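K.L.:
Below is one structure. I have some questions about it.
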Amino acid sequence: MADLSALASAESSPGEARELLLSIFGQPTPDRLQDTYYALRSWAWKALDQRRRDPELAAWRDIFSSASTLMVKNGQTALGDKIGALGELVSESISVGRNFGAVDVTRRQHVAEILGFLSAHGGRARRADLKEHLGLAQCNLTRVLNMMSTAGLVERMAHGKEAIFELSRAGEAAQRRVAGKGRRRPHAA
């Protein structure tokens, strides 16, 4: 039977999570359905705690909706309702993400430094290089990069198992604005 630990630790992609859930709902047992709820609850907590606003959330919202429906079909109405409520929180994150502008994001801690680092390295860098440069914990780096991605400042690409982040056009423009502010001289009194 499939392992739920990768889902619970938010290491699964939406595609991997779908395959896992199809496997579980293909041969459900009350214990596995309960464990599935706990794993989805853990994933939702991590996503909310990291303030994720990335485009991938739409796929996760659909996963929560499907899991909720399948729980009810398998006689687990209470678990289905709980998963449905978690899905609503994911939907709320999507709504907030749509309203979170690039200018607001550039004022957040570490964003200007990431923009500068990417600019100094040809507009792109590996996640590991950003982590090393900033000295941030993995979850904090994820939160900042997700916020920047949602605001359209960076684009995430996969290169094997490695994540590469690249400045978007909006990110390049934001970097120029941020760099320009740093060069201004204060007015004489």
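The values are calculated or read from the model by the stated rules, or taken from the named source; none is laboratory data. What you see is a predicted model, and the numbers here were worked out from it, not measured in a lab. All Cβ positions, even for glycine, are placed from backbone atoms using ideal geometry, and neighbour counts span all protein chains on display. Protein only, heavy atoms only, side chains kept; ligands, DNA and RNA dropped before computing areas. Shrake-Rupley method; radii C 1.70, N 1.55, O 1.52, S 1.80 Å.
K.L.:
Here's a check for you: in segment 82-130, which residue that is basic (Lys, Arg) and at pLDDT 90 or above is farthest from the chain's Cα centre (by Cα)?
P.N.:
Step one: filter segment 82-130 for residues basic (Lys, Arg), giving 82, 98, 107-108, 124, 126-127.
With the extra rule that they be at pLDDT 90 or above, the set shrinks to 82, 124, 126-127.
Numbers: Lys82: 21, Arg124: 19, Arg126: 17, Arg127: 14 Å.
Out of the qualifying residues, it is Lys82.
K.L.:
Filter segment 51-69 for residues that are surrounded by 20 or more Cβ atoms within 10 Å (Cβ to Cβ) and either part of a loop (DSSP other than H, G, I, E, B) or in contact with a Phe, Trp or Tyr (Cβ under 7 Å, 6 or more places away or on another chain) (or both) and give the result.
P.N.:
Arg52, Arg53, Asp54, listed by residue number.
K.L.:
Within segment 130-168, count every residue that is free of Cβ contacts under 8 Å to residues at least 60 places away in the same chain, within 17 Å of Gln50 (Cα to Cα) and polar (S, T, N, Q).
P.N.:
Residues flagged as free of Cβ contacts under 8 Å to residues at least 60 places away in the same chain, within 17 Å of Gln50 (Cα to Cα) and polar (S, T, N, Q) within segment 130-168 amount to 2.
K.L.:
Please work out which residue is least open to solvent (accessible area, probe 1.4 Å), limiting yourself to segment 22-35 and to residues that are in a helix (DSSP H, G or I) and in contact (Cβ under 8 Å) with a residue 40 or more places away in the chain. Step through it out loud before you land on a result.
P.N.:
Restricting attention to segment 22-35, the residues satisfying the condition of being in a helix (DSSP H, G or I) are 22-26, 30-35.
Next cut, in contact (Cβ under 8 Å) with a residue 40 or more places away in the chain only: 25, 30, 33-34.
Values: Phe25: 26, Pro30: 93, Leu33: 4, Gln34: 62 Å².
My answer is Leu33.
K.L.:
If you don't mind, there's one more thing I want to ask. What do you reckon, is Glu155 open to solvent by 70 Å² or more (accessible area, probe 1.4 Å) and in contact with a strand residue (DSSP E or B) (Cβ under 6 Å, 6 or more places away or on another chain)?
P.N.:
Numbers: open to solvent by 70 Å² or more (accessible area, probe 1.4 Å): yes; in contact with a strand residue (DSSP E or B) (Cβ under 6 Å, 6 or more places away or on another chain): yes.
Against the criterion (open to solvent by 70 Å² or more (accessible area, probe 1.4 Å) and in contact with a strand residue (DSSP E or B) (Cβ under 6 Å, 6 or more places away or on another chain)), Glu155 qualifies.
K.L.:
Kindly indicate which of Glu11, Glu92, Glu88, Glu19 is acidic (Asp, Glu), within 29 Å of Thr150 (Cβ to Cβ) and in a loop (DSSP other than H, G, I, E, B).
P.N.:
Result of the check over Glu11, Glu92, Glu88, Glu19: Glu11.
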